[in-house]
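The values are calculated or read from the model by the stated rules, or taken from the named source; none is laboratory data. Note that the coordinates shown come from a computational prediction; the quantities given were computed from them, not determined experimentally. Because the Cβ atoms are built from the backbone with ideal geometry, glycine has one as well, and the counts that use them run over all protein chains shown. Side chains are part of the model used for accessible areas, which takes the heavy atoms of the whole protein and leaves out ligands, DNA and RNA. Shrake-Rupley method; radii C 1.70, N 1.55, O 1.52, S 1.80 Å.
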Amino acid sequence: LLDPYVTVSVDQVRVGQTSTKQKTNKPTYNEEFSTTVTDGHQIELSVFHDTPIGYDDFVANCTLHFQDLLRSAGPSDSFEGW
């Protein structure tokens, strides 16, 4: 079991980090991060395992390109609260 947390970065600048969930492989996060993005290119979500000593272990990541999100969105879609 992991002690996972997620970092949120926009264009390689960290804008948030979730709390660490203890001893689970199926964490649920209901946390919000807010930042203003002007001419942004991508958002990256990275999962880490919190270790008591040394560096935390990288688990996985996902990169979403804003251009792809906007292309698939309709004219009335909003990304607030996403």
Exercise for the section: Check whether at least one residue in segment 29-40 is in contact with a helix residue (DSSP H, G or I) (Cβ under 6 Å, 6 or more places away or on another chain) and more than 18 Å from VAL6 (Cα to Cα), and report yes or no. Expected result: yes
Fill in the blank from the handout: Of all strands (runs of 3 or more DSSP E) fully inside the chain, the set with 1 or more residues that are at pLDDT below 95, of a type in the set (S, T, N, Q) and open to solvent by 60 Å² or more (accessible area, probe 1.4 Å) is none
Handout entry: Every pair of residues 6+ apart whose Cβ atoms lie under 7 Å, when the first sits in segment 23-37 and is on the phi > 0 side of the Ramachandran plot while the second is of a type outside the set (S, T, N, Q) and open to solvent by 70 Å² or more (accessible area, probe 1.4 Å)
Key = LYS23/LEU1
